[in-house]
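Notes for the one structure printed next.
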Amino acid sequence: MKKIFIMFAMLICAAFAFAQTETQSAFEYDEEYEEMLEYGEYEDIIEDITERGEPYSAADNYYMGIAYFATEDFESAAKYLEKTVEMLPDFLEARDTLAGVYYYAGEKEKSIAELKKCIELNPEYTRAYFLLEGVYEAEGRTDECLSLLKKMTTFTTGVDLEEVYYYMTLLYIQKGDYDSAERAASRAVGVNDGRYQTMTALVYTLYLQKKYSEVKPFEHLVKSIWRQSEDMQIAFQQDFYMDSFTYGDYKVDVYEILSEQDFPYNYWCAEVYDMNKVSVRSINLESTEELRKEGKAFVISSENYAGSCREVTDITFDKLPSYEEFIKIVKDGIDGKLNYVSSEKIEYSDYNFSFGVDETDEDDESEADDSESEDDEEPMFSDGEFTIER
């Protein structure tokens, strides 16, 4: 649901500039209303057009519909956008926005029909394909999503193939078809090997298939992209998703840590959840300053969330162990077979996950709290239950 909300929200924001390059109609955009939309002045648009009175032009109906959609008055939005489509049947942006109104009004089949009409009018209208794929995905119609995306790979213009193959990767993972997911991810990387999300998706598909000998070069590329990126959303990533599996009554998500700031730091982190999706502990491949002084590279540690403590085992390594070794230790930890030699209490409320935050500054602490709440969202990849980020 989150994805389809984001996609239809694009219809009432900066997507307008992109949409104008694809329309087939004779519609003339109003620069003043476009600017008002950009600044969220929806009530002012409604008031201005209403004061001028009827008869309304196609543009008047369109902007009234957009403004009512933005204020979540779906009944009024549908009325004005339907009038726009009656006056300009081939105005694709009005049709796909009307599809968004129908979707939020609970009329999903009418939404689908409107998007299909857009595609009928312009078989390579990419925005309608992505919106329809989003509707299908929200409804769990994965095969129909893949069919649309495969069709898009044949387009000659107006499509980002790397993005299309990336979405195909996520859907194949959702289906459990990891071999097809790897092929789609490889094609995405072939189009753009410098995109963070694409490279992490390929890494994930290789781990899911236990192709550990093949994955290392791509993990290095993920870290290289992260270090060099000027995109703050990427630069502030602290880990990337590697693997997920079920063991007994537990689900395990494995991450590789990107940041190596202060000791102790984790290199790999296995987050262990019970079947109620409650995180019970993490088992980590950790490095500490004391360990390095002793000539060791890593130690196995664990954070016991119920006991609010960090526990350190007697298992150390002179160099990076194999992933298989680490996973065997994780399973031993779940089975209660690890020997802990030290333990220290952790006050999780004191943890600050923001970069450069001064804990003595109350305003900054508030911002850090907001950041933590955002981080509570489900990971982008998840075994069995999938969140596709657009």
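For the structure I just gave you, tell me whether ALA297 is open to solvent by less than 20 Å² (accessible area, probe 1.4 Å) and modelled with pLDDT under 95. Judged against the criteria, ALA297 is a match.
Note on region 63-99: among residues that are among the acidic types (Asp, Glu) and part of a loop (DSSP other than H, G, I, E, B), the one that is most open to solvent (accessible area, probe 1.4 Å) is GLU72. Quick check on region 220-238. Is at least one of its residues within 28 Å of ALA185 (Cβ to Cβ), of a type in the set (Phe, Trp, Tyr) and either crowded, with 16+ Cβ neighbours inside 10 Å or in contact with a Gly (Cβ under 9 Å, 6 or more places away or on another chain) (or both)? Yes, that holds for at least one residue. Would you call ARG183 open to solvent by 60 Å² or more (accessible area, probe 1.4 Å), part of a helix (DSSP H, G or I) and basic (Lys, Arg)? So ARG183 passes the test. In summary, helices (runs of 4 or more DSSP H) completely within region 193-265 and bearing 1 or more residues that are touching a residue at least 24 places away in the same chain (Cβ under 8 Å) and in contact with a Ser or Thr (Cβ under 8 Å, 6 or more places away or on another chain) occur at 196-208, 212-228. Within region 301-311, the only residue that satisfies the criterion of being open to solvent by less than 20 Å² (accessible area, probe 1.4 Å) and among the hydrophobic types (A, V, I, L, M, F, W, C) is CYS309. Taking LEU208 as the residue in question, decide whether it is among the aliphatic types (A, V, I, L, M) and under 22 Å from THR126 (Cβ atoms). It is false that LEU208 is among the aliphatic types (A, V, I, L, M) and under 22 Å from THR126 (Cβ atoms). Yes or no: ASN284 without any contact (Cβ under 8 Å) to a residue 40 or more places away in the chain, out of contact with any Phe, Trp or Tyr (no Cβ under 9 Å at 6 or more places or on another chain) and not in a helix (DSSP H, G or I)? No.
Would you be able to say whether some residue in region 108-117 is touching a Lys or Arg at 6+ places or on another chain (Cβ under 9 Å), surrounded by fewer than 22 Cβ atoms within 10 Å (Cβ to Cβ) and touching a residue at least 60 places away in the same chain (Cβ under 8 Å)? Among the residues of region 108-117, not one is touching a Lys or Arg at 6+ places or on another chain (Cβ under 9 Å), surrounded by fewer than 22 Cβ atoms within 10 Å (Cβ to Cβ) and touching a residue at least 60 places away in the same chain (Cβ under 8 Å), which makes the answer no. Residue pairs whose Cβ atoms lie under 9 Å apart, separated by 6 or more positions or on different chains, with the first residue in region 157-182 and within 22 Å of ASN122 (Cα to Cα) and the second among the aromatic types (Phe, Trp, Tyr) and outside any helix (DSSP H, G or I), are GLY158/TYR125; LEU161/PHE155; VAL164/PHE155.
The values are calculated or read from the model by the stated rules, or taken from the named source; none is laboratory data. Just so it is clear, the model here is predicted, and its values are computed rather than measured. Cβ sites come from the backbone with ideal geometry, for glycine too, and all protein chains shown count toward neighbours. Accessible surface is based on the protein model in full, side chains and every heavy atom, while ligands, DNA and RNA are left aside. Shrake-Rupley method; radii C 1.70, N 1.55, O 1.52, S 1.80 Å.
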